Amino acid sequence: MTSRFLLVLFALTVLSNCATMHKEPAPPAQSPPEDVKPPEEIAQGHPDQSMLAKAHLQMATLYSFYKNPELNYQRALKELEIYLSFNPADGGTDEIQNLLAILRELDRVNEENKKSRQKVNQLSKENKELKASVKELKNLDIKIEEKRKKVK
């Protein structure tokens, strides 16, 4: 019984020490050095071709990143294709080819979606015109029926 009591007392002591321990605050995030340029600036004509290619790959990744509030898959595809034009040998990696295939499929589906929306808008317009024609025909039918009754 006393050994259980000592064991429980020991466990409580260890747990209370754990509960009172505190973490050191994380050091403040350091801002990037001032000589680091965003990929858009690097891609504007950096003399080093490998830096240009990396900048375009980085922009493709950023434009397609799921946490980006301004996703732009078309722009990501464009940047990835530019990257591949600089570095076609690296285009053989599975990761790059996978991203390229996904972005191309998204682009294709977006184009189909745009065409479908245009078709829906056109059909909706035609539907309104047909409804107006049916309404006119109903009114004409009523008038003809009224005239027929007067003739009898």
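Structure above, values below:
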quantity: Residue within the stretch 89-96 that is part of a helix (DSSP H, G or I), surrounded by 10 or more Cβ atoms within 10 Å (Cβ to Cβ) and under 20 Å from the mean Cα position of the chain (by Cα) present; calculated: yes
quantity: Within the stretch 105-144, tally of residues that are closer than 18 Å to residue 74 by Cα and of a type in the set (Lys, Arg); calculated: 3
quantity: Index of the failed condition, residue 50 passing every other in (1) at pLDDT below 90; (2) assigned to a helix (DSSP H, G or I); (3) in contact with a helix residue (DSSP H, G or I) (Cβ under 6 Å, 6 or more places away or on another chain); calculated: (3)
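The values are calculated or read from the model by the stated rules, or taken from the named source; none is laboratory data. These numbers were taken from a predicted model, which means no experiment stands behind them. As a convention, Cβ positions derive from the backbone with ideal geometry for all residues, glycine included, and neighbour counts pool all protein chains shown.
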